[in-house]
Every structure is written in C-alpha cells, then in structure tokens.
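Have a look at the structure below before the remarks.
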Amino acid sequence: MDVYDIIIIGAGSAGMSAAIYAKRFGMKTLVIGKVVGGLLNDSHNVENYPGFPSIPGFDLMMRFKEHVESLSIPIKEEWVETVTKNDDGTFSVKTEKERYTAKTILIATGTKHRHLGVPGEERLAGKGVSYCATCDAAFFKGKDVAIVGGGDSAAQAANLLAQHASHVYVIVRKDHMRAEPLNRERLEQNEKVDILYETKVVEVLGENSVEKIKLTKPFKGSDELAVQGFFVEIGADVQSELAKPLGVERNERGEIIIDAESRTNVEGVYAAGDVGNRKFKQAITGAAEGCIAAFSAYDYLQRKEHGREARFGY
Ligand code: NDP
C-alpha cells in the first residue's frame with residue numbers, strides 16, 4: 001500500500017499551493033478535492049492576485065491546477081468522509097471510493113456558501129434563487145434581480161449582474177457595506193443599481209419561480225420588491241468537520257486554530273486557507289498559508305525520520 005508523505009484535503013488556492021511546495025520538497029504528495037478550484041471558481045473577476053490584474057476566478061484556479069499537474073501530482077476528485085489516526089502514527093483518509101494512508105495531513109477544505117434561512121429560499125433554489133452570480137448571471141438578461149449581502153462577494157455579484165439584468169437591488173442589513181472601497185464605488189456609480197441599507201429580506205415569494213422578495217423596510221412605498229432573480233451572497237461557513245474526530249481544536253466559528261506555521265494542536269496535522277482562524281481570507285493568503293503548511297509538514301518529517309530540521313534560505 002502507498003503511504004504518502006502528505007495528503008492535502010482540498011484543492012483550492014491553499015491546497016494547490018501546498019501541493020506545489022510539498023512535491024518540490026521531494027514529498028510523496030496526494031491532493032484530494034471534490035471541487036478543484038474551490039469557491040474561488042465562483043469569483044467573477046479576481047483583481048488582487050499579483051501578476052494577474054484581472055482574471056476570472058475559474059481561470060486562475062485552472063492555472064493552479066495546470067501547475068500542480070505539470071509536477072505529476074495526482075488530484076483525486078473525491079469527497080473525504082473521515083480522517084483517522086492509526087496506531088503507528090499514520091493517518092487514514094477514507095473517501096467515497098478509496099482509503100489512503102499518509103504520514104501528515106493538511107486540511108485546506110475552505111468554506112461553503114451560507115444560506116439566508118428565510119421561507120421560500122430553499123423551495124425556489126435553482127428557480128431564481130442562486131448562490132453563484134458567476135454561474136447564473138447570464139440567465140437574468142433584461143430582468144430585475146436582488147442581491148442580499150454587504151461584502152465583496154455581494155458587490156462583485158451586483159457589478160456582474162448589472163451587465164445583464166435591467167435593474168439590480170443590493171439589500172444590506174447595516175447602514176454601510178463592508179466591501180472593498182473600489183468594489184463599492186463601482187456599485188454606487190452604476191445607475192442600474194440601488195443599494196437598500198438597513199434592510200433585511202424576510203421571505204422569497206413565487207409560485208414556481210421567484211416573483212418577489214419581502215423586506216423589513218419599505219422601498220418606494222412597498223415592502224415587497226418585484227424581482228425574478230434573488231442572489232444570496234452573505235459569506236461562507238467553514239468546512240472543518242473532518243478535524244473534530246482527530247481532536248483538532250477549533251474556535252466558536254468552527255475555524256481550525258493554527259499557529260504562525262500552519263500547525264494545529266495535533267502533531268502531523270496542518271490547516272491552511274479559509275478553514276483556518278485567520279482574519280484576512282483571500283486567494284493570496286490561502287496560497288501563502290499552503291506554502292507555509294507544506295514547509296512545516298516537511299520540517300516535521302525531516303526531524304522525525306532523519307533527526308534534522310529543514311532549512312531553506314536562512
Ligand atoms: P463577508 O463575510 O465578507 O460578508 C458577508 C456579508 O453578508 C456582510 O455584509 C454581512 O453583513 C452580510 N450578511 C451575513 N449574514 C447575513 C444575513 N443573515 N442577512 C443579511 N446579510 C448578511 O463575505 P464575502 O463572501 O463577501 O467575502 C468573503 C471573503 O472573501 C472576504 O474576505 C472578502 O474580502 C473576500 N472576497 C474578496 C473579493 C475581492 O474581489 N477582493 C471578492 C469576493 C470575496 P454584516 O456586514 O452586517 O456582517
């Protein structure tokens with residue numbers, strides 16, 4: 001049976017960056033990720049990844065993938081069900097198809113889209129309710145749409161939808177948006193866009209598809225807004241369930257607690273990217289943490305197996 005030096009769970013920016021570094025350290029490396037590219041695939045345009053002034057998130061992640069594959073690192077597009085520690089100190093990773101063994105584990109499982117949890121949302125999902133503007137914007141040509149959320153995802157989705165829809169409403173629960181100033185300014189200057197502050201959506205209405213949304217505060221005299229599309233862009237929840245049975249510590253938001261070297265409290269287990277307890281979560285920080293985690297895992301194995309620390313460039 002193959003024993004990998006490292007199994008990287010998650011194929012987003014953190015996981016793929018880690019794979020590139022691990023392989024170049026000479027580690028026997030496997031990446032397992034159900035969605036290659038992760039949530040960044042849904043980002044319409046990434047404009048803050050150095051070297052790429054403007055690139056669709058999907059295209060950026062396909063470049064990561066090509067880079068990983070150019071190093072002959074296998075990527076298994078499988079869903080990891082459990083990770084357990086064996087008596088000999090190795091880890092078993094069970095997917096819906098196979099069981100793999102590794103000396104170290106990197107959890108880079110990122111996040112999943114948060115749902116609003118209001119009546120009508122689940123029933124009309126895929127029938128006008130969407131969690132991915134990049135995927136669905138083109139279906140709303142000439143229609144009116146609303147987006148709920150006040151962060152960069154909402155701002156980006158609104159800017160994209162304004163290229164297709166006839167009118168775009170952005171529903172923000174606070175009296176301000178927390179999106180990057182550049183993203184927010186573009187929205188404010190777009191005459192197809194109305195931003196409704198201090199307003200919440202309490203229901204999505206429609207027989208077979210979205211027809212209206214119900215608001216907590218009237219807009220132009222009505223607390224119902226006629227829209228055919230409703231986009232939920234209210235952030236994401238971490239996917240850290242795999243960490244729990246391993247005894248890996250998490251905080252109250254479920255984020256895996258890591259130190260400056262991407263180590264968890266469990267020897268041989270690392271975490272990187274959006275699943276970790278970092279305040280700033282971007283493609284570039286995920287990639288950087290992946291690099292750090294790979295180095296830490298390499299250093300751990302060097303000490304354990306050869307009694308020497310890994311040293312590069314210092
Ligand atoms: P964020 O967590 O940054 O923002 C979520 C937004 O949704 C907040 O405005 C929040 O409101 C609002 N919200 C949360 N729950 C509800 C609710 N139940 N009802 C109404 N509104 C709600 O998530 P994003 O997905 O926007 O961004 C995630 C990360 O990805 C951030 O770090 C962001 O910077 C990054 N990103 C960067 C992009 C870029 O181009 N640079 C593009 C996309 C994402 P409140 O403010 O009141 O908490």
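The values are calculated or read from the model by the stated rules, or taken from the named source; none is laboratory data. Because the structure is a prediction, the values reported are computed rather than measured. Every residue, glycine among them, receives a Cβ derived from its backbone with ideal geometry; neighbour counts consider all protein chains shown. Remember, those area values only see protein heavy atoms, side chains included, never the ligands or the DNA or RNA. Shrake-Rupley method; radii C 1.70, N 1.55, O 1.52, S 1.80 Å.
Annotations for the structure displayed:
- For region 201-314, the relative contact order works out to 13 percent when only alpha carbon pairs closer than 8 Å and six or more residues apart are counted.
- Adding -39500 (n - 2.57) for every DSSP H run of four residues or longer, then dividing by how many residues the chain holds, sets the calculated 222 nm ellipticity at -7000 deg cm²/dmol.
- Region 129-232: relative contact order as a whole-number percent, Cα under 8 Å and 6+ apart: 31
- Amide H contacts under 5 Å for Val202, placed H, 5+ residues apart: Lys214, Leu215, Thr216
- Among the GluC sites (Glu not before Pro) in region 69-115, those located in a DSSP loop and surrounded by at most 15 other Cβ atoms within 10 Å of their own Cβ are Glu77, Glu96, Glu98.
- Normalised contact order of the chain, rounded percent, pairs of Cα under 8 Å and 6 or more residues apart: 20
- For the chain, Cys with no neighbouring Cys Cβ under 4.7 Å: Cys291
- Degrees separating the helix 152-161 axis from the principal Cα axis of the chain, which is the longest one: 50
- Directionally averaged shadow of the chain, computed from the convex hull of its alpha-carbon atoms, nm²: 17.9
- In degrees, nearest ten, helix 13-24 long axis to first principal axis of the chain (Cα): 20
- Sparse-neighbour loop sites [GluC sites (Glu not before Pro); region 175-211; at most 10 other C-beta within 10 Å; DSSP]: Glu191, Glu207
- Helix 57-70 vs. the chain, principal-axis angle (Cα, 0 to 90°, nearest 10): 20
- Where both bridge residues fall in the chain, DSSP classifies roughly 45% of the beta bridges as antiparallel.
- Accessible area per residue for the chain, computed on protein heavy atoms with a 1.4 Å probe, is 49 Å².
- Violating pairs (Cα-Cα greater than 25 angstrom) within the set Lys112/Lys200; Lys214/Lys279; Lys23/Lys94; Lys85/Lys304; Lys34/Lys200: Lys214/Lys279; Lys34/Lys200
- In this label model, Ser54 and Lys112 are separated by 3.4 nm, measuring between points 7 Å along each Cα→Cβ vector.
- Each principal axis of the Cα cloud of region 75-200 was taken in turn, and the coordinate range along them, longest first, works out to 63, 31, 28 Å.
- Accessible carbon and sulfur surface of the chain relative to its total accessible area, %, 1.4 Å: 49
- Cα-based convex hull volume of region 129-232 per residue, rounded to whole Å³: 87
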